[in-house]
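Step one of this worksheet: look at the structure below.
Where a number appears in this text, it was derived from the coordinates with a stated rule and is not lab data. Everything numeric in this text was worked out from a predicted model, so none of it was measured. Note that we place each Cβ from the backbone using ideal geometry, even for glycine, and neighbour counts take in every protein chain shown.
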Amino acid sequence: MTITVLTLFPDMIRAIARESILGRALKAGLFRLEVVDIRDFSGNRYGKVDDALFGGGTGMLMMCQPVYDAHQKALQDGPSPARTIYLSPKGAPLTQGKVEALSGESHLVLLCGHYEGIDQRVLDAVADEEISIGDYVLTGGELAAMVVVDAVARRIPGVLPDAAAYENESHADGLLEHPQYTRPSEWMGRSVPPVLLSGHHARIVEWKRRMSLVETLRKRPDLLASASLSEDDLLALEEEIRMGGSSPK
Ligand code: ADE
């Protein structure tokens with residue numbers, strides 16, 4: 001897979017991409033990350049890429065031509081077909097389901113806006129969809145683009161050391177992940193749930209499912225409406241609700 005980021009701030013992208021799991025995956029050639037500096041396509045010697053708004057209003061808007069030419073360059077240099085995403089607070093919310101769909105693409109082009117955003121005409125010309133990473137406004141699309149890169153990259157085989165790592169994780173099956181513990185088994189008077197030390201595989205599996213349901217009930221009850229739940233899950237939830245499900249401190 002190739003991901004191309006179109007941005008006015010290429011160093012923001014590179015700084016994140018060289019660290020940790022993404023950095024290792026890129027070095028290992030598990031995917032390609034291309035960064036296109038939109039300013040290189042300004043077409044003027046001042047590198048000007050923005051202008052004032054028609055109809056009035058404060059701030060500056062990124063102009064059509066530099067964005068369009070940068071996008072053409074991304075299409076030329078990467079595999080086809082490409083899917084172009086504009087990162088914007090007006091977009092559809094990013095979900096794990098969306099991440100999984102995107103990870104099946106051969107070329108993702110992520111377009112980052114800055115200032116007041118980008119002239120609508122070029123968005124209409126190049127963007128296949130608009131994605132938001134949440135209901136708040138960032139100073140630009142770069143951090144949002146890197147959220148997409150990170151979430152998509154970890155779905156690529158080999159990027160995570162152990163594929164099983166994402167089988168039980170939060171959102172994999174519409175529920176939040178159960179709590180997890182490591183050594184020591186006793187810390188500041190707090191113990192690891194005894195079942196996890198019991199070596200009893202079936203009971204551990206049952207506990208994990210139950211705690212996954214409890215976590216979701218406590219922290220994101222809205223997710224339960226669309227999770228696929230068995231009869232046992234529903235009984236467990238009813239029991240938790242009856243018991244009042246107090247949260248630990
Ligand atoms: N650009 C600015 N705010 C954003 C958001 N919430 N999501 C995606 N891109 C953005």
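At 1.567 mPa s and 4 °C, plugging the Kirkwood radius over alpha-carbon pairs of segment 170-242 into Stokes-Einstein gives what diffusion coefficient in µm²/s?
Stokes-Einstein gives a translational diffusion coefficient of 98 µm²/s.
Highest mean first, how do 94-104, 1-11 rank when packing is the count of other Cβ atoms within 10 Å averaged over residues? Can you show the working numbers first?
Numbers: 94-104: 15.3, 1-11: 21.5.
Answer by packing, highest mean first, reads 1-11, 94-104.
Over all directions, the average projected area of the alpha-carbon convex hull for the chain comes to how many nm²?
Values: hull surface 72.4 nm².
Its Cα hull, projected and averaged over all orientations, spans 18.1 nm².
Using the Cα centre of the chain as the reference point, and only Cβ charges (+1 on K/R, -1 on D/E), how large is the resulting charge dipole? Debye, rounded to the nearest 20.
Roughly 720 debye, rounded to the nearest 20.
With +1 on each Lys and Arg Cβ and -1 on each Asp and Glu Cβ, how big is the dipole of segment 170-242 about its Cα centre, in debye rounded to the nearest 20? The partial results should precede the final answer.
Numbers: 10 positive and 12 negative charges, 78 e Å.
Roughly 380 debye for segment 170-242.
Where does segment 108-177 land on Rg/Rh, using Cα atoms and the Kirkwood Rh?
On the Cα set of segment 108-177, Rg over Rh gives 1.07.
Between Q120 and A225, what FRET efficiency follows from the Cβ-Cβ distance if R0 is 35 Å, with the result rounded to 0.05?
On the way: r = 35 Å, r/R0 = 1.00.
Working from the Cβ atoms, E equals 0.50.
Measure of size requested: the Rg and Dmax of segment 64-107, with Cα atoms as the atom set and Å as the unit; please supply both.
Gyration radius and largest Cα-Cα distance of segment 64-107: 12.5, 33 Å.
Going by amide H atoms built from the backbone, whose H comes under 5 Å of the H on L6, apart from near neighbours?
Correct list: V36, L110, L111, C112.
First select every other residue whose beta carbon is under 13 angstrom from the beta carbon of I118; then total the charges, Lys and Arg +1, Asp and Glu -1.
In short, -4.
Identify, among H171, H114, G134, the residue whose Cα sits farthest towards the positive end of the charge dipole of segment 99-213, taking +1 on the Cβ of Lys and Arg and -1 on the Cβ of Asp and Glu, with the dipole about the Cα centre.
Checked the options; the winner is H171.
Amide H of M60 versus every other amide H placed in the peptide plane: which residues, excluding those fewer than 5 positions away on the same chain, fall under 5 Å?
E116
Nearest 5 percent is fine: what portion of the DSSP beta bridges confined to segment 2-153 is antiparallel?
Just about 15 percent of them are antiparallel.
Highest GNM mean-square fluctuation, the chain, Cα pairs closer than 10 Å: which of M63, M211, M146?
M211
Quick query: amide H of S132 versus all other amide H atoms, modeled in the peptide plane; which residues come in under 5 Å with a sequence gap of 5 or more or a different chain?
S88, G91, A92, L94
Pick from L175, L111, L87: which is most flexible by mean-square fluctuation in a GNM of the chain where alpha carbon atoms under 10 Å apart are linked?
L175
Under DSSP H, which helices of the chain have Cα atoms covering 30 Å or more of the helix axis and a Kyte-Doolittle average no less than -0.5?
none
Rank-order 55-62, 183-190 by packing density, defined as the average count of other C-beta atoms within 10 Å over each peptide's residues, highest first.
Taking the mean over residues of other Cβ atoms within 10 Å, the ranking is 55-62, 183-190.
Taking the Cα of R32, stepping 7 Å toward and past its beta carbon, and measuring to each backbone N in segment 91-134: which are under 11 Å?
107
On a full-extension model of 0.36 nm per residue, what is the gain between S80 and L160, subtracting their alpha-carbon distance, rounded to one decimal in nm? Please report the intermediate quantities before stating the final value.
Numbers: separation 80, 0.36 × 80 = 28.80 nm, distance 2.60 nm.
My answer for the length gained is 26.2 nm.
Got the relative contact order for segment 170-242 handy, in percent, Cα pairs under 8 Å and 6 or more residues apart?
Computed over segment 170-242, the figure is 40 percent.
Where does segment 130-217 land on Rg(C-alpha)/(2.2 N^0.38 Å)? Don't jump to the answer; show the numbers that get you there.
Details: Rg = 17.4 Å, N = 88, 2.2 N^0.38 = 12.1 Å.
Normalised by 2.2 N^0.38 Å, the Cα Rg of segment 130-217 equals 1.45.
Counting only C-alpha contacts under 8 Å and six or more residues apart, can you give the relative contact order of the chain as a whole percent?
Normalised by residue count, the contact order of the chain is 18 percent.
Efficiency by 1/(1 + (r/R0)^6): what FRET value for Y46 and E19, r their Cβ-Cβ distance, R0 = 35 Å, to the nearest 0.05?
Once the sixth-power term is evaluated, E becomes 0.60.
Could you calculate the FRET efficiency of M188 with E238 from 1/(1 + (r/R0)^6), where r is the beta carbon distance between them and R0 is 30 Å, rounded to 0.05?
Efficiency at R0 = 30 Å is approximately 0.35.
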